[in-house]
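The values are calculated or read from the model by the stated rules, or taken from the named source; none is laboratory data. Values in this document were obtained by computation on a predicted structure and should not be read as measured data. All Cβ positions, even for glycine, are placed from backbone atoms using ideal geometry, and neighbour counts span all protein chains on display. When the accessible area is computed, the model is the full protein with side chains, heavy atoms only, and any ligands, DNA or RNA have been set aside. Shrake-Rupley method; radii C 1.70, N 1.55, O 1.52, S 1.80 Å.
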Amino acid sequence: MKKLKITVVLALILAAPLGALAQTKLTDDPAYLKIDEVIDLQIAKPQVNVNLPKFLLNNVVSEFDGGDGDPFAQVGMNISDLIKDIKLIRVMVIESSDESRSHLEKAIATLRKDLERSWLPIVNVPEDNVGIYALSDSSGEQMAGLALLVADGGDIVVGNVVGNLPIGKILKLAASMGGENQFDFEEIIGKFAGAGISDKKEKK
Amino acid sequence: MDQDLERLLEEKRQQRCPVEVIRRVNRERSLSRRHGAWRPGIVLGSAAALLVWGASHLWPPSSHHPQLVKENVDPEPEVLLQETYLSLSFIGKALLKGSESGRRIIANEALPPLKRGFEETKETIRRNL
């Protein structure tokens, strides 16, 4: 009986860390916002769809860190320092069409409900429907993720950063861009289009 | 000869294993039993770990899998860099807008009543003095 107990305890001890390993997938991270599950991209085609997991961010750092054409270096910032604790950057901009409006409205409601249930609202601008939410790690001392939801009618900007985002540096970066701090969908899409990212063909 | 053999046999019968040797044998036997307990533990642990791994990889919880890098198949490093820059900048802009909005609300909606209240209190005190 004693032997059986020891065996069971040992089995549990050995299985526990491997079980934890199985949970380390990015999509299982509490700070991962399930955008792709909520928004059907066949119905609502995004104008901007940025999806940068860690390995692609590392790729960027290895190619450009402080080199020519590095926009971060131009404002005195270090990209590797900025993204070192970030696991994913996800930004999606969708302008609704007649076909996608009701789907997007439902998606926005679902995302907002998820965010309000588990995340901490840190910025809320009701007149512009801007909501920014943060999630801390289990220690409560470090950021585990940030989520952004801007909804204007059926149009939507949704962002998700998984990991520790250095807010002070991000604010400095945004201030260095200049211009008004407005959420003009055309302007956002235009900026991404200028960088060859936005898919203007799919715009309504 | 026979007598010698009988004597020797008698002596052998009377001989006992030294206490030290008995203790050592007991100690080693107990150690080997203890080590033996690990083996089924390791086998069970490995089986459980395989089960957990298999369950998470072969039968994922959701039928809708987020396509993490679909949009970035064979990406140009320059484009990735711009994506990173613009994405982080817009998140920063949203934060700035939020702080501006907060400042505006404080300046336009919270401060005037406070200021009015302060002036009224000051006037009341002055009149009563």
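Brief remarks on what is shown
- Filter pass, A:D85 being modelled with pLDDT of 90 or more and more than 12 Å from chain B (Cβ to nearest Cβ): yes
- Where helices (runs of 4 or more DSSP H) fall wholly inside the stretch A:18-82, the ranges with 3 or more residues that are modelled with pLDDT of 90 or more are A:35-38, A:54-64.
- Count of the stretch A:157-177 residues, restricted to those that are more than 8 Å from chain B (Cβ to nearest Cβ) and either touching a Pro at 6+ places or on another chain (Cβ under 7 Å) or within 18 Å of A:L115 (Cα to Cα) (or both), is 5.
- Checked against (1) away from chain B (no Cβ under 14 Å); (2) without any contact (Cβ under 8 Å) to a residue 24 or more places away in the chain; (3) crowded, with 21+ Cβ neighbours inside 10 Å, A:I79 passes all but condition (1).
- Per-region count, the stretch A:111-144, residues open to solvent by 90 Å² or more (accessible area, probe 1.4 Å) and within 13 Å of another protein chain (Cβ to nearest Cβ): 2
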